[in-house]
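K.L.:
Sending over a structure as C-alpha cells; questions will come in a sec.
Each value in this text was obtained by applying a stated rule to the coordinates, not by laboratory testing. Bear in mind the structure is a predicted one, so any value in this text is a computation, not a measurement. Glycine gets a Cβ as well: all are built from the backbone with ideal geometry, and neighbour counts include every protein chain shown.
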C-alpha cells in the first residue's frame with residue numbers, strides 16, 4: 001500500500017466516524033509482515049487526522065515475527081495486542097506451521113516473551129480475565145450513549 005493510499009484511508013476512516021473514540025483493527029494474514037515502520041506511519045497519520053478524537057489500535061498476530069522493536073512500538077503506542085496460539089505445543093504445531101512446513105510453537109512463545117517484556121499492561125489485563133465482549137445491543141464504551149451496533153460496532 002502506498003503512503004498516499006494509507007494516509008487517505010486513515011483520514012477518511014476517521015472522518016466517517018461520528019464517535020469520540022476511533023478503533024482501528026489490524027488483522028488478516030499477518031500484520032507484522034508490513035513491518036514496524038509501516039505502523040509508525042499509521043500512527044503519525046492517525047495523530048495528524050484525529051481531530052481531537054481518541055484513536056485506539058488493535059493488533060492480531062501469530063507472534064512469530066515479534067521482537068523487541070515490535071514490543072517497544074506496540075507498548076509505546078498503546079496497541080491492544082491479540083496473539084493467536086493454537087493450544088498446547090503438540091496441537092499448535094500440528095496445525096500452525098510456517099511456509100517451510102516447520103512447527104511454530106516455539107516462535108510464538110518467543111513472541112509472547114517480547115510482549116511480556118514490553119506490553120505488560122495488556123498481558124495483566126488479559127491474565128486477569130480481560131474486558132467483556134460487547135454485544136450488539138450493549139451501550140458503546142465510547143461514551144456516546146448509543147448502542148454498540150449503532151456506533152462503534154460498525155466496520
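K.L.:
If contacts are Cα pairs under 8 angstrom and at least 6 residues apart, what is the relative contact order of region 1-95 in percent?
P.N.:
Once normalised by length, the contact order is 29 percent.
K.L.:
Another question about this same structure. So how do 104, 61 line up by other beta-carbon neighbours within 10 Å, fewest first?
P.N.:
By the 10 Å Cβ count, ascending, the order reads 104, 61.
K.L.:
Another question, if that's okay. Got a sec? How would 7, 72 order by Cβ neighbour count within 10 Å, fewest to most?
P.N.:
Fewest-to-most Cβ neighbours within 10 Å comes out as 72, 7.
K.L.:
Turning to a different aspect of this structure: So between residue 38 and residue 21, what do we pick up on full extension, going 0.36 nm a residue minus the alpha carbon distance?
P.N.:
Extra length available between residue 38 and residue 21 comes to 3.9 nm.
K.L.:
So how much slack lies between residue 72 and residue 29, counting 0.36 nm per residue of separation and subtracting their Cα-Cα distance, in nm? Intermediate results must be reported in sequence, preceding the final value.
P.N.:
Values: separation 43, 0.36 × 43 = 15.48 nm, distance 2.21 nm.
Taking residue 72 through residue 29 to full extension adds about 13.3 nm, to one decimal.
K.L.:
How many nm separate the modelled label positions at residue 90 and residue 60, each set 7 Å beyond the Cα in the direction of the Cβ?
P.N.:
According to this spin-label approximation, the distance is 2.8 nm.
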